[in-house]
1. Which one of these is more than 25 Å from B:LYS53 (Cα to Cα), away from every other protein chain (no Cβ under 11 Å) and either surrounded by fewer than 24 Cβ atoms within 10 Å (Cβ to Cβ) or without any contact (Cβ under 8 Å) to a residue 60 or more places away in the chain (or both): B:ILE195, B:ILE119, B:ILE191?
2. Give the range B:75-100 a look and list any residue that's more than 7 Å from chain A (Cβ to nearest Cβ) and of a type in the set (Val, Ile, Thr), or say none.
3. For B:GLY320, work out the one condition from (1) within 11 Å of chain A (Cβ to nearest Cβ); (2) under 14 Å from the mean Cα position of the chain (by Cα) it doesn't fulfil.
4. Exactly one condition in (1) more than 21 Å from B:LYS189 (Cα to Cα); (2) within 9 Å of chain A (Cβ to nearest Cβ) is not met by B:ASN296; state its number.
5. Kindly evaluate A:ASN313 against the criterion of being over 15 Å from A:GLY202 (Cα atoms) and not hydroxyl-bearing (Ser, Thr, Tyr).
6. Could you tell me whether B:GLY169 is touching a Cys at 6+ places or on another chain (Cβ under 6 Å) and crowded, with 24+ Cβ neighbours inside 10 Å?
7. Identify, please: which residue in the range A:180-206 is in contact with a Lys or Arg (Cβ under 7 Å, 6 or more places away or on another chain) and part of a loop (DSSP other than H, G, I, E, B) and is, among those, nearest to B:ASP78 (Cα to Cα)?
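The values are calculated or read from the model by the stated rules, or taken from the named source; none is laboratory data. The structure displayed is predicted, hence computed values, not measured ones. Cβ placement follows ideal geometry from the backbone for every residue including glycine, while neighbour counts extend to all protein chains displayed.
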Number of protein chains: 2
Amino acid sequence: MSRIGRQTIKIERPVYIRETAAIVGVKEGEGPLSEEFDEVLTDDTLGEKTWEKSESALQKKAAYKALDKAGMKQDEIDYALAGDLINQCIGAHYSMRDMDIPFLGLYGACSTMTESLSIGSMLIGGGFANNVMCLTSSHFCTAEKQFRNPLEYGGQRTPSAQWTVTGSGCAILSAEKGMARITAVTSGKVIDKGINDLSNMGAAMAPAAIDTLLAHFKATNTKPQDYDLILTGDLGHIGSDIIIDLMQKEGYDLRNIHNDCGKLIFDREKQDTHAGGSGCGCCASVLCGHIMKEINRGKLRRMLVMATGALMNPMIVQQGESIPCIAHAVEIEKEG
Amino acid sequence: MSRIGRQTIKIERPVYIRETAAIVGVKEGEGPLSEEFDEVLTDDTLGEKTWEKSESALQKKAAYKALDKAGMKQDEIDYALAGDLINQCIGAHYSMRDMDIPFLGLYGACSTMTESLSIGSMLIGGGFANNVMCLTSSHFCTAEKQFRNPLEYGGQRTPSAQWTVTGSGCAILSAEKGMARITAVTSGKVIDKGINDLSNMGAAMAPAAIDTLLAHFKATNTKPQDYDLILTGDLGHIGSDIIIDLMQKEGYDLRNIHNDCGKLIFDREKQDTHAGGSGCGCCASVLCGHIMKEINRGKLRRMLVMATGALMNPMIVQQGESIPCIAHAVEIEKEG
């Protein structure tokens, strides 16, 4: 039994991140991580007539890029694990329809990247697969339309609002040697602290991140300083401040160790994205682009990546409900 | 390595269905399986003010019932795997928020029950969990509102339309002894044969069921007559006729071996449900209710259950797309 805590497992059989690919939109390509992605779109429509089809095409493009970089064919992939934010996850389904890979659909909202890495690690670590594709995306225009206002409405954004990243990331996990190993996985519980402001997702998601982080530290008997980086998915500026503050009260100093994909992907001063980036594609593109490059450069040896998701839809919040959230953590180590 | 085919794995370490619970709505309780569920609701609202909250309450009720029947506490469950049809799977999320269980969210549309059994079997079979909760639901009123027309509209239904089951099923998988073993799992690919009629889901989903069934027979070197029952999720009357016809052309005779949860749950003559039942809760409640009872009665010794899902949303079909589908098969055997 590989369980080392209520929410945590050790991945004892080697599971590697064999290859990754990250593709982002125009605005994301104008940000500080511009050079860190495999491709920056010149047209966020990808030539499609609807934003939903654009996002699906983007996800497919990232999957093909990862396969191409790994020198692998689809029939070498035992499972694809994918999902996204669009109702009924059609971003994933209409991309997977063109692939010849057994598919298990996930919904973890913006936690999907680490949810897929978690399950993928267990499928390989359990001896059920040699190679697993983990894939997700988000698109500013599908998210605005579905969760907020029609783009044409041109509504003002509150300062606590985040900017959904147009981007997709694909990671191919493998039992064979790769860039880094996934060594432990802590799966989140659904946490709801009563936040019901759809324009302040960082505050809603921070308690879930804290819950998972405390569980991970306890189960693995580690502290922040044992990691080169503790990376959250899309808490953004507000959520990141909250997690640092509240973890301090729990006795953990995350300053200088913690960062957030939503903070990294946009320039806070120049890009007018308020509280930072968000969306499944935020953690996916930063992890599969920038972070894997940092690992390959030898800048990161042991890190924790923890994508966070807000598990509501707008209707249930209009019905008076608060926002339940989740965070899934994956520990990544570079060998040698 | 437990892989025995492109899409199929053997579950070598014993994984049991330890306990199940099934709760259905008023109309389902008037059907032929009335006595086979743990509970029939007397009020499909469950006292909630919105249908979405009703469905979430129903899912929670099924989960608690399964735990109660198994004599288990929440802290004995290592993972909950759940999802449903409501946008962003809020049925699952607002029920899981009240539970203290690590949660991995799935979206498989009406294939969710067997998707969760598939992943749950791998988590236990891989040594990562002792007990896993697999949970899903559907509700006629959330589904009509979201996928079709407002209930108040009172639109006529075409003869090929199916009736979304109000129901929830929960299965607790365990490494310890239980009612039956899960011995093999075949995961589907996303199959789209170009059907774009939202009122004929059976026809859309049948090709996915056939694809998975052929893969399962091939990998396990079995034929229909090796099973006491091959049970599909919600192909309904039309989809069931299609699968029997097309499998015949592939050289497999499913007559007398095949049945479908969507056919079983309603009385075709008396209940005016046209092409039969559908929804995540259809397979979930029939499997976790009637079928497990049949297994316990010794009527079924080896069976295949294969829930099917249509992975579209109404918007993408309005945008001119056809309906991609999937089917996940799980082989269940009673020991001794």
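1. Values: B:ILE119 fails: away from every other protein chain (no Cβ under 11 Å); B:ILE191 fails: away from every other protein chain (no Cβ under 11 Å).
B:ILE195 is the lone residue from the list that is more than 25 Å from B:LYS53 (Cα to Cα), away from every other protein chain (no Cβ under 11 Å) and either surrounded by fewer than 24 Cβ atoms within 10 Å (Cβ to Cβ) or without any contact (Cβ under 8 Å) to a residue 60 or more places away in the chain (or both).
2. Selection gives B:ILE77, B:ILE86.
3. Every listed condition holds for B:GLY320 apart from (2).
4. Of the numbered conditions (1) more than 21 Å from B:LYS189 (Cα to Cα); (2) within 9 Å of chain A (Cβ to nearest Cβ), the odd one out for B:ASN296 is (2).
5. Details: over 15 Å from A:GLY202 (Cα atoms): yes; not hydroxyl-bearing (Ser, Thr, Tyr): yes.
Criteria met by A:ASN313.
6. Working: touching a Cys at 6+ places or on another chain (Cβ under 6 Å): yes; crowded, with 24+ Cβ neighbours inside 10 Å: yes.
Here the answer is yes, as B:GLY169 does meet what is asked.
7. Here the residue is A:VAL190.
Residue-by-condition table, conditions (1) under 18 Å from the mean Cα position of the chain (by Cα); (2) of a type outside the set (D, E, K, R); (3) closer than 30 Å to B:LYS193 by Cα; (4) facing chain B (nearest Cβ under 8 Å):
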{"residue": "A:TYR107", "(1), (2), (3), (4)": "yes, yes, yes, yes"}
{"residue": "A:THR114", "(1), (2), (3), (4)": "yes, yes, no, no"}
{"residue": "A:GLY126", "(1), (2), (3), (4)": "no, yes, no, yes"}
{"residue": "A:ALA129", "(1), (2), (3), (4)": "no, yes, yes, yes"}
{"residue": "A:ARG157", "(1), (2), (3), (4)": "no, no, no, no"}
